[in-house]
Amino acid sequence: MLSSVEKHFPLIPFYCLFLVLTLLSLNHIFFWDTVQLASMQAYHFFENGLDKTLLPDNIDSGHIPAFGFYLAIWWKILGKTLWVSHLAILPFLLGIVWQSNVLIRYFIPKPYAILSLIVFLADPTLLGQSVLVSPDIVLVFCFLLMLNGILKNHRFLIALGLIGLFLISMRGLMVAFSLLLFDMYLNACDGKRLSFSSLLKISLAYWPAVIGILPYFLFHYAEKGWLAYHPESPWMGSFERVGFEGFIYNIGIMVWRIIDFGRVFVVIAIALIMLTRVGKIKLHQKFKYLIFIALSLTICLGYSFTTYKYLSAHRYLLPLYLILLLGFLYMLFVFVKNNKVRNIIYVVVLGALLSGNFWIYPEGIAKGWDASLAHWPYYELREKMNAYLMKKNIDYSEVASEFPNVSERRFMELNESRERHQYLNLDSNKYVLYSNIYNNFDDNEIQQLKSNFKLVQSFEKRGVFISLYEKITIEK
């Protein structure tokens, strides 16, 4: 018991970090994709019963709705509130700290483990998702759990992590497949021939998840006639296939996502270490493992990312970002022998990652607002704007807005209000609520808004703004 406490003692600051972030965000509304993936799905189970397995088509994106079910259970027990929703994520955040430490201690020399953990957990997209009621936090925890299970050949942990990945999303299936490939590779590297009997033994950890989820997909298909999407799906446009030019374009977007929010300095540091240590870097077995995991994740996650039109959110690549960081840390603390150089690289990279939470692009450039802490001021600004609308007796439903601010208020704020903003139509809207958070405003709409509407009120904080415009009426 004492050894277990001692093992977790160095992690207390990290546990406290995510506890504080959670406490500070307890009143934050559901934001970005969590409105659909968390709130709406949880509402379905909360209002219709936990036995209502299938979701309505308008909120069914093909995933097993386990996360919405999980959230609804918390609501049933403690109440349907924002603070309960955020607390439901805390166990997985603490689990990420725990499993990240286990993973780092496998690859990184012990004297540098805590320093490595600081950088590993400083990824802006991980931090950005950590303050949301996000299923991707569950995905990251299950990814780390399963990966550690594979590295330690702990078949029960593999099975547990795999079940979680299968239940959380279709992307979890892709991550699970990449780890299956690594499991096979690891067994091959250990000198074990991948005979039928050895493959059967490896597969035992995978069958509980497969057997567990298969009935759901069969039932879903039998009832609805589709699995991931259908012609009337609200996300049908996202599943549009791209041609060769679109494929190349999406590769560019994927590279941008990888280097965004300060991670460009991670890539530069990796390149510099490789260039300056040419001929001196030994491909140790553990380094080969990291290369293989990175490649398998790139291929598995990159398939949907590059072949579909709009499946390119930052959070889709979260496991890859973490492995990229782990690879950098391995190279820094194993290959770089000069302490001064090592310290300089460490400080620059850590500073760059933390700075990523303040990267805000100019208007007209879409940004992954859920992929860093840069969106944090939005909650306060939105409350101020709603208070202004009420003060000026402007009906909430008379104001047009854009994603992620067009859902019913009950789904975002967990109240009983079915009010919602109008969808954007600049020819007919009298009032328009515009923010740089709302990526769906294109350059033409922004120009038309500023030409044909007058600014009524605006609030701004740390680069985030929200503005109310009223249509200019021309007297005849």
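Between VAL336, VAL349, which is buried (at least 17 other Cβ atoms within 10 Å of the Cβ), aliphatic (A, V, I, L, M), touching a Lys or Arg at 6+ places or on another chain (Cβ under 7 Å) and in contact (Cβ under 8 Å) with a residue 40 or more places away in the chain? Even if it seems obvious, please write down each step before you answer.
On the way: VAL349 fails: touching a Lys or Arg at 6+ places or on another chain (Cβ under 7 Å).
Only one candidate qualifies: VAL336.
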- Note on the structure: Residue hits (segment 384-397; outside any loop (DSSP other than H, G, I, E, B), in contact with a Phe, Trp or Tyr (Cβ under 9 Å, 6 or more places away or on another chain) and farther than 20 Å from ILE437 by Cα) are MET390
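Take LYS337 and tell me if it is within 16 Å of ARG263 (Cβ to Cβ), assigned to a loop (DSSP other than H, G, I, E, B) and of a type outside the set (Asp, Glu). Working first, answer last.
Values: within 16 Å of ARG263 (Cβ to Cβ): no; assigned to a loop (DSSP other than H, G, I, E, B): yes; of a type outside the set (Asp, Glu): yes.
No.
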- Residue that is farthest from MET170 (Cα to Cα), among those in segment 39-63 that are at pLDDT 90 or above and either surrounded by 13 or more Cβ atoms within 10 Å (Cβ to Cβ) or among the hydrophobic types (A, V, I, L, M, F, W, C) (or both): PHE46
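In the set LYS454, LYS450, which member is open to solvent by 70 Å² or more (accessible area, probe 1.4 Å), part of a strand (DSSP E or B) and either among the charged types (D, E, K, R) or over 21 Å from ILE360 (Cβ atoms) (or both)?
On the way: LYS450 fails: part of a strand (DSSP E or B).
The match here is LYS454.
Can you tell me which of LEU426, LEU381, LEU433 is in contact with a helix residue (DSSP H, G or I) (Cβ under 6 Å, 6 or more places away or on another chain), in contact (Cβ under 8 Å) with a residue 12 or more places away in the chain and either at positive phi or not aromatic (Phe, Trp, Tyr) (or both)? Walk me through how you get there before you give the answer.
Details: LEU381 fails: in contact with a helix residue (DSSP H, G or I) (Cβ under 6 Å, 6 or more places away or on another chain); LEU433 fails: in contact with a helix residue (DSSP H, G or I) (Cβ under 6 Å, 6 or more places away or on another chain).
Only one candidate qualifies: LEU426.
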- LYS282 being in contact (Cβ under 8 Å) with a residue 40 or more places away in the chain and either over 21 Å from the mean Cα position of the chain (by Cα) or not in a helix (DSSP H, G or I) (or both): no
- Message: Considering only segment 306-321, I want to know if a residue exists there that is open to solvent by 50 Å² or more (accessible area, probe 1.4 Å) and modelled with pLDDT under 95.
- Response: yes
- Query: Of (1) closer than 25 Å to MET170 by Cα; (2) surrounded by 21 or more Cβ atoms within 10 Å (Cβ to Cβ), PHE18 satisfies all except one. Which?
  - Reply: (1)
- Item | segment 420-429, residues that are exposed (fewer than 15 other Cβ atoms within 10 Å of the Cβ) and more than 27 Å from the chain's Cα centre (by Cα) | ASN425, ASP427, SER428
- On the given criteria, is PRO362 of a type outside the set (Ser, Thr, Tyr) and either open to solvent by less than 40 Å² (accessible area, probe 1.4 Å) or within 20 Å of LEU139 (Cβ to Cβ) (or both)? no
- Residues of segment 37-69 being in contact (Cβ under 8 Å) with a residue 40 or more places away in the chain and either in contact with a Cys (Cβ under 9 Å, 6 or more places away or on another chain) or of a type in the set (S, T, N, Q) (or both), which ones? SER39, THR53, ASN58, SER61
- Task: Kindly indicate which of GLU380, GLU363 is among the acidic types (Asp, Glu), assigned to a helix (DSSP H, G or I) and within 30 Å of PHE441 (Cβ to Cβ).
- Result: GLU380
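Of all the helices (runs of 4 or more DSSP H) wholly in segment 73-142, which have at least 3 residues that are modelled with pLDDT of 95 or more and open to solvent by 10 Å² or more (accessible area, probe 1.4 Å)?
On the way: elements: 82-87, 90-107, 113-120, 124-130.
By residue number, 82-87, 90-107, 113-120.
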- Checked against (1) in contact with a helix residue (DSSP H, G or I) (Cβ under 6 Å, 6 or more places away or on another chain); (2) open to solvent by 10 Å² or more (accessible area, probe 1.4 Å); (3) part of a helix (DSSP H, G or I), PHE328 satisfies every condition except (2)
- Task: Have a look at PHE465, PHE441, PHE459, PHE411 and point out the one that is surrounded by 13 or more Cβ atoms within 10 Å (Cβ to Cβ), over 27 Å from TYR310 (Cα atoms) and either under 30 Å from the mean Cα position of the chain (by Cα) or modelled with pLDDT of 90 or more (or both).
- Result: PHE459
- Considering (1) over 18 Å from the mean Cα position of the chain (by Cα); (2) open to solvent by less than 10 Å² (accessible area, probe 1.4 Å); (3) at pLDDT 95 or above, say which one ILE273 fails and leave the rest. (3)
- Query: In segment 35-64, what residues are under 19 Å from MET412 (Cβ atoms) and either in a loop (DSSP other than H, G, I, E, B) or of a type in the set (Gly, Ala, Ser) (or both)?
  - Reply: ALA38, SER39, ALA42, LEU55, PRO56, SER61
- How many residues does segment 360-378 hold that are modelled with pLDDT of 95 or more and farther than 15 Å from SER134 by Cβ? 3
- Task: Go through SER355, SER372, SER296 for me and flag whichever is within 30 Å of LYS110 (Cα to Cα), under 20 Å from the mean Cα position of the chain (by Cα) and surrounded by fewer than 17 Cβ atoms within 10 Å (Cβ to Cβ).
- Result: SER355
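The values are calculated or read from the model by the stated rules, or taken from the named source; none is laboratory data. Not measured: the values here are computed from a predicted model. When we count neighbours, we look across all protein chains shown, and the Cβ atoms used for this are built from the backbone with ideal geometry, even at glycine. Heads up: the accessible areas ignore ligands, DNA and RNA and are worked out on the full protein's heavy atoms, side chains in. Shrake-Rupley method; radii C 1.70, N 1.55, O 1.52, S 1.80 Å.
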